[in-house]
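> Here you go, one structure.
The values are calculated or read from the model by the stated rules, or taken from the named source; none is laboratory data. As the structure is a prediction and not an experimental result, all values here were calculated from the model. With ideal geometry, Cβ positions are generated from the backbone for all residues, glycine too; neighbour counts draw on all protein chains shown.
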Amino acid sequence: MVVLKKLRASTLMETLVATVLIVIIFMLSSMLLNTIFSNTLTSRNTEVKEHMRLLTYAYTNESVTLPYFEQVGDWEYTISQQTLNNNASVLLKAENKALDASYTQIFINED
């Protein structure tokens, strides 16, 4: 009677330890995937930096008039004059209020 053959069983403690290890590994992998996914969504800023380079080029070649305002998608771009340490400077700022993100560049005029 092969059907009634006894199988070696594991203890309750071994089962609990194995279950806890599986749950911990699942939690760590879930947290890792969540972090990777959220960083991917928030670090998509190549278009913004490229547009800021375009505006920097336009400003240095004097093809924009100050103050300058532009909205592209959710991003608001501004170029304005300010004084910084008694020097005239130009502030280039890109701001997204939905993501609560902003990028800033400052140019100091040496006139």
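> Consider Ser30 carefully, then state whether it is within 17 Å of the chain's Cα centre (by Cα), part of a helix (DSSP H, G or I) and among the small types (Gly, Ala, Ser).
On the way: within 17 Å of the chain's Cα centre (by Cα): no; part of a helix (DSSP H, G or I): yes; among the small types (Gly, Ala, Ser): yes.
The answer is no for Ser30.
> Every residue in region 90-110 that is surrounded by 12 or more Cβ atoms within 10 Å (Cβ to Cβ) and of a type outside the set (A, V, I, L, M), please.
Lys93, Glu95, Asn96, Ser102, Tyr103, Gln105, Phe107
> Let me ask something else. Answer yes if at least one residue in region 15-30 is surrounded by 10 or more Cβ atoms within 10 Å (Cβ to Cβ), within 30 Å of Thr104 (Cα to Cα) and at pLDDT below 95, and no otherwise.
Residues of region 15-30 surrounded by 10 or more Cβ atoms within 10 Å (Cβ to Cβ): 15-30.
Those left that are additionally within 30 Å of Thr104 (Cα to Cα): none.
Within region 15-30 (the criterion being surrounded by 10 or more Cβ atoms within 10 Å (Cβ to Cβ), within 30 Å of Thr104 (Cα to Cα) and at pLDDT below 95), the answer is no, since none of the residues qualifies.
> Being surrounded by 10 or more Cβ atoms within 10 Å (Cβ to Cβ), under 18 Å from Tyr103 (Cα atoms) and at pLDDT below 80 narrows it down to one residue among Asn45, Asn87; which is it?
Asn45
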